[in-house]
Amino acid sequence: MTDLSSSASGPARVLLAIAYPLLAHWASHDGSGVLAALALADLVVFVTVDGLLAPRLLAWMATLVLLGALALSAATPYAQMLLLTPPVLFNGWLAWWFARSLRAPRQALITRIVAALHGCAPEQLTPELYRYTRRLTALWACVLALLALVNGVLATIAVPDGLLARLGHLPAIAISREQWSWFANIINYGVVGGMFAVEYLVRRRLFKQRPETGFFDFLRKMAQLGPKFWKELFS
């Protein structure tokens, strides 16, 4: 049962991850509290999906409580306010996790991923590839931290649901809810996806011996690492 739920949670989480920015962008343009609550509900299920499929009572109880709270917030301005927080929290959490992995005795996140793709321990990678993956992990930490900071600033100056506006202060420089959404829900993910693709091309040029035949084979091998590997990577 556990293996079945683990294999099902991966595709479910991918679908939820794809749906979230679309729902959040729609909610921001529409200004609807119901749509904002729906987008946030998508995030709740994204986080708890493993426990829901296991199934685990605590996960079900937590999910139902959170979904109930979101349903109550749908008729208030708070749903749109809450929608400002995920890009800051998610990017900040990932930046912290990438940076944390650089501290001994841990191995850098990307070093562990590349070693798994090569079918070896991180220490068995060539010195050049080992150094490259550690530097790349540090670069990702910096980029994600910068995205968290920019999203935080934009959430502060957004009108009418930004932090300053809700505190009764009109920011000297303000952006609309729609402008915030374009960055937080579209450009933000474009930056991450673009960096991922460009880095792959750079690594192909720098390191000729690779475990995959092309980009789509690379994605396939990443998926083949399995839910257990990805869960342990971020445990």
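Quick notes on this one:
- Value of Rg to Rh for region 95-235 (Rh from inverse mean 1/r over Cα pairs, i.e. Kirkwood): 1.09
- For region 64-80, 3J(HN,Hα) per residue [Karplus equation, 6.51 cos²θ - 1.76 cosθ + 1.60, θ = phi - 60°, Hz, x = Gly/Pro]: 5, 5, 5, 5, x, 5, 5, 4, 5, 7, 4, 8, 10, x, 5, 4, 5
- Nearest 10 degrees, 0 to 90: helix 109-118 Cα axis against the chain principal axis: 50
- Over the chain, DSSP H runs of length four or greater, each weighted -39,500 (n - 2.57), average out per residue to a 222 nm ellipticity of -24000 deg cm²/dmol.
- In this entry, region 107-189 is assigned a mean projected area of 7.0 nm², taken as a quarter of its C-alpha convex hull surface.
- Loop-located trypsin sites (Lys or Arg not before Pro) in region 148-235 (DSSP state not H, G, I, E or B) with no more than 11 neighbouring Cβ atoms inside 10 Å: 208.
- Degrees between helix 127-157 axis and first principal axis of the chain (Cα, 0 to 90, nearest 10): 0
- Seen from every direction in turn and averaged, the convex hull around the alpha carbons of the chain projects onto 14.4 nm².
- Under 20 Å from residue 208, Cα to Cα: lysines that are on another chain or at least 8 residues apart: 221
- Per-residue HN-Hα couplings for region 35-49 [Karplus 6.51, -1.76, 1.60; θ = phi - 60°; Hz; x = Gly/Pro]: 5, 4, 5, 5, 4, 5, 4, 4, 5, 4, 5, 4, 6, 9, 4
- Radius ratio Rg over Rh of region 1-76, counting only Cα atoms, Kirkwood formula for Rh: 1.04
- Cα gyration tensor shape of region 144-190, rounded if a/c is under 1.5, else prolate or oblate by comparing a/b with b/c: prolate
- Close amide H partners of residue 175, meaning residues 5 or more places away or on another chain with modelled amide H under 5 Å apart, are 158, 159.
Any read-out appearing in this document is the output of simple, stated calculations on the displayed coordinates, not a laboratory observation. Not measured: the values here are computed from a predicted model. A quick note on method: Cβ atoms are made from the backbone with ideal geometry, for glycine too, and the neighbour counts reach across all protein chains shown.
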